[in-house]
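> Supplied in structure tokens, the structure appears directly below.
The values are calculated or read from the model by the stated rules, or taken from the named source; none is laboratory data. Since the model is a prediction, treat every value here as computed from it, not as a measurement. Reconstructed Cβ throughout: ideal geometry from the backbone, glycine too, with neighbour counts over all protein chains shown.
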Amino acid sequence: MRLISRKIWRAFPELDRYDDEACRLYVRQARSLSNVGRGALLVILSLPVTAGIWYLVLRLLGRAASGFLSGDTVQEILGLVISLGIVWCPIVCALVVRDFWLRHCLKKQIMGTACACGYSLIGLQIGEDDAREPIVMCPECGLVSRLSDINLRPQDINPELLTKS
């Protein structure tokens, strides 16, 4: 898992050769090809669920701590921890859920650009056949594929083309 401040595309070695702008556009493309509503729903639902779990855990800890601390001290400490945690815990959880969803979108996009042998076609030279159709040759198995036959566009193979369009 990446840190929240890190770039998610750096978790995928296929995208290491591209600059941040091309990768940012590639992530945007992968996200748009996935179900955006599902990802947003996951993030939104994680907020109240996490807040509720946080509140319940702290209530149980408060009951356990009340046996060895005075009642006023427990209430003050729990009040502070609950009020702080009810805000930051759901936000951190929502960011983690968002990262998992983005990772899923990127992984799905990258796996969709693999050759029949499983080799990633990202970053390979795109050529043209006799009919001026874009083709790519897998260096692993030597299979030459028309991009239209494998339901790909040149932008799926080369993220730098996203910045030019």
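> Report, by residue number, each residue of the range 145-165 that is free of Cβ contacts under 8 Å to residues at least 24 places away in the same chain and either within 11 Å of ILE122 (Cβ to Cβ) or of a type in the set (Val, Ile, Thr) (or both).
The answer is ILE150, and nothing else.
> Only one of ARG59, ARG63, ARG38, ARG98 is outside the structural domain of ILE157 (by TED's automatic domain parsing), modelled with pLDDT of 80 or more and among the basic types (Lys, Arg); which?
Details: ARG59 fails: modelled with pLDDT of 80 or more; ARG63 fails: modelled with pLDDT of 80 or more; ARG38 fails: modelled with pLDDT of 80 or more.
It is ARG98.
> Among residues belonging to the range 99-144 that are among the charged types (D, E, K, R) and in contact (Cβ under 8 Å) with a residue 60 or more places away in the chain, point out the one that is farthest from ALA11 (Cα to Cα).
This residue is LYS108.
> Okay, moving on. Could you grab me the full set of residues in the range 4-50 that are assigned to a loop (DSSP other than H, G, I, E, B), under 12 Å from the mean Cα position of the chain (by Cα) and free of Cβ contacts under 8 Å to residues at least 24 places away in the same chain?
ARG6, LYS7 - these are the residues of the range 4-50 that are assigned to a loop (DSSP other than H, G, I, E, B), under 12 Å from the mean Cα position of the chain (by Cα) and free of Cβ contacts under 8 Å to residues at least 24 places away in the same chain.
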